[in-house]
């Protein structure tokens with residue numbers, strides 16, 4: 001159902017959701033809770049990541065799963081988010097679809113978390129939200145995320161959502177609606193524990209299946225595995241929704257940052273619960289997390305543009321002005337030219353054979369004039385061209401195709417003197433999964449689409465990608 005903002009404001013007036021599990025799942029005294037959350041975040045053995053767009057965190061009592069949850073929130077680092085959309089499963093009140101909480105705020109011992117009514121109104125225009133007030137009254141799965149959000153994202157507003165249906169259609173619809181409505185200033189949080197009450201060794205097998213689907217960013221397969229009993233997660237729907245969201249916004253680099261069972265805390269491994277934290281990040285470097293810094297990236301883009309201008313003017317290629325040490329390093333690099341979204345040329349050095357600045361200068365002209373797939377770029381097109389540069393890492397031989405990660409890795413397939421390469425951004429742009437990525441790289445090499453399965457050499461690399 002679509003909700004008008006003024007209607008939501010009227011319905012929310014004076015309604016504040018009180019804590020339901022303070023004193024049981026986490027401390028009720030404010031100072032005790034503040035100390036515990038801060039200590040858990042301080043002890044989290046993870047590095048802050050750039051480009052985080054979504055995360056998965058468990059929702060058990062903090063004594064059991066708090067350390068795992070903290071790793072997800074510690075990974076956020078200094079990413080700026082104005083709101084957190086928390087997608088959690090319902091445990092107590094069954095219903096179909098997705099329910100939003102309509103109120104002014106959620107209260108925790110650390111203070112109120114304001115509900116983002118404007119965001120809920122916008123989301124309701126893209127996805128048919130319900131309001132099942134009874135489901136929110138005592139539900140813990142959303143509430144236990146809030147103190148971590150208050151610590152990691154102070155001042156962020158809340159989009160509180162409970163999933164009553166955890167099927168693929170619901171998860172996909174919600175995830176893609178979240179992506180369509182919200183921009184980079186929104187963190188999507190999926191709340192879920194994993195397997196329940198198995199022997200520790202059995203739990204780790206079941207949870208390993210979940211981890212595999214998270215790492216491969218395959219939400220539909222993940223839901224099928226849960227449905228068939230090959231895996232277990234009480235918040236499978238929220239997890240899948242977060243994965244669909246991540247894919248839709250391009251956050252296609254999944255990272256599992258922590259895993260444990262309750263047996264790791266209690267020492268009792270007879271009947272355990274599994275806990276996992278994961279984050280989904282953008283595949284390319286962003287402004288605040290560079291390999292090459294902002295000035296170096298701008299220098300390379302300017303050099304590529306000037307190389308094209310000089311080529312068409314019949315002048316000598318430009319020389320960089322005092323290139324930095326990193327621009328003087330020998331690096332592989334590709335230059336991609338597009339015109340109004342259409343590819344016009346892409347050529348590069350795979351191996352680090354010349355200084356980076358020279359590779360970019362040469363490949364800019366080569367992409368415009370020497371890509372055999374296209375007619376040469378004309379001088380009239382120059383103003384309409386967009387330049388994108390991919391700076392490559394060294395190649396790594398990949399003996400296990402299952403380790404190829406869409407959105408993170410570029411890929412080279414070699415067999416019988418033939419070779420094909422696709423950059424990391426290509427499968428993401430095309431919406432391919434891992435096997436499609438492998439197949440298309442084989443086709444690029446002039447091989448059969450399944451030749452990667454036997455007899456072919458695979459090499460992966462990463463790239464810092466930036467453009468005009």
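Coordinate-derived values only; no laboratory data. For clarity, every value in this text was computed on a predicted model and none was experimentally measured. All Cβ positions, glycine included, derive from the backbone under ideal geometry; neighbour counts span all protein chains shown.
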Find how many whole Å separate the alpha carbon centroid of the stretch 307-365 from the alpha carbon centroid of the stretch 60-84.
41
Which order do peptides 219-226, 398-405 fall in by mean Cβ count within 10 Å, highest first?
219-226, 398-405
Identify the residues of the stretch 342-377 with backbone N under 20 Å of a label point that sits 7 angstrom from the Cα of residue 328 along the Cα-to-Cβ direction, or state none.
352-362
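Is the stretch 305-451 rounded, prolate or oblate when judged by the Cα gyration tensor, a ≥ b ≥ c being the square roots of its eigenvalues, rounded requiring a/c under 1.5 and prolate requiring a/b larger than b/c?
Details: a/c = 2.21, a/b = 1.54, b/c = 1.43.
Note, shape of the stretch 305-451 comes out prolate.
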Once you wrap a convex hull around the alpha carbon atoms of the stretch 1-130, what is its projected area averaged over all directions, in nm²?
9.0
Where does the stretch 185-318 land on the Kirkwood hydrodynamic radius, alpha-carbon pairs, in angstrom?
17.6
quick shape note, the stretch 65-195: Cα extents on principal axes in Å, largest first -> 34, 31, 28
Theoretical gain in end-to-end length, residue 468 to residue 454 [0.36 nm per residue, Cα-Cα removed]
1.1 nm
For the stretch 52-92, alpha-carbon Rg relative to the globular expectation (2.2 N^0.38 Å, N residues):
1.29
Beta bridges per DSSP with both ends in the chain, % antiparallel, nearest 5:
70
Final fewest-first order of 192, 216, 24 on the 10 Å Cβ neighbour count is 24, 216, 192
State the three equivalent ellipsoid semi-axes of the stretch 5-281, derived from the C-alpha gyration tensor as the square roots of 5 times its eigenvalues, in descending order and whole Å.
26, 22, 18
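Please express the shape of the stretch 294-392 as an equivalent ellipsoid: the semi-axes are the square roots of 5 times the eigenvalues of the C-alpha gyration tensor, given largest first in whole angstrom.
Details: eigenvalues 88, 43, 28 Å².
One finds semi-axes of 21, 15, 12 Å for the stretch 294-392.
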Order by neighbour count: 41, 382, fewest other Cβ atoms within 10 Å first, most last.
382, 41
Dividing the alpha-carbon Rg of the stretch 180-259 by 2.2 N^0.38 Å yields what?
1.12
Compute from the Cα atoms of the chain the Rg and the Dmax, the latter being the longest Cα-Cα distance, and quote both in angstrom.
24.6, 77
Relative contact order computed over the stretch 294-392 (Cα-Cα under 8 Å; 6+ residues apart), in percent
33
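With N set to the number of residues, divide the alpha-carbon radius of gyration of the stretch 144-188 by 2.2 N^0.38 Å and report two decimals. Could you put the intermediate results ahead of the total?
Numbers: Rg = 12.4 Å, N = 45, 2.2 N^0.38 = 9.3 Å.
This ratio for the stretch 144-188 stands at 1.33.
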Fewest-first ordering of 282, 1 by Cβ atoms within 10 Å yields 1, 282
Cα-based Kirkwood hydrodynamic radius, the stretch 396-467, one decimal, Å:
11.9
Contact order normalised by length for the stretch 5-281, with contacts defined as Cα pairs under 8 Å and 6 or more residues apart; what percent is it?
26
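If I stretch the segment between residue 21 and residue 38 completely, what's the gain in nm (0.36 nm per residue apart, minus their alpha carbon distance), one decimal?
Details: separation 17, 0.36 × 17 = 6.12 nm, distance 1.92 nm.
Between residue 21 and residue 38, full extension yields 4.2 nm more.
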Going by Cα centres, the stretch 407-459 and the stretch 120-183 are how many Å apart?
37
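Given the peptides 434-444, 415-425, 196-206, arrange them by the average over their residues of other C-beta atoms within 10 Å, most packed first.
Details: 434-444: 19.9, 415-425: 17.7, 196-206: 16.0.
Output ranking for 434-444, 415-425, 196-206: 434-444, 415-425, 196-206.
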What does the highest-first list of 357-370, 109-122 look like by mean Cβ count within 10 Å?
357-370, 109-122
In percent, what relative contact order does the stretch 396-467 have, based on Cα pairs under 8 Å that are 6 or more apart in sequence?
41
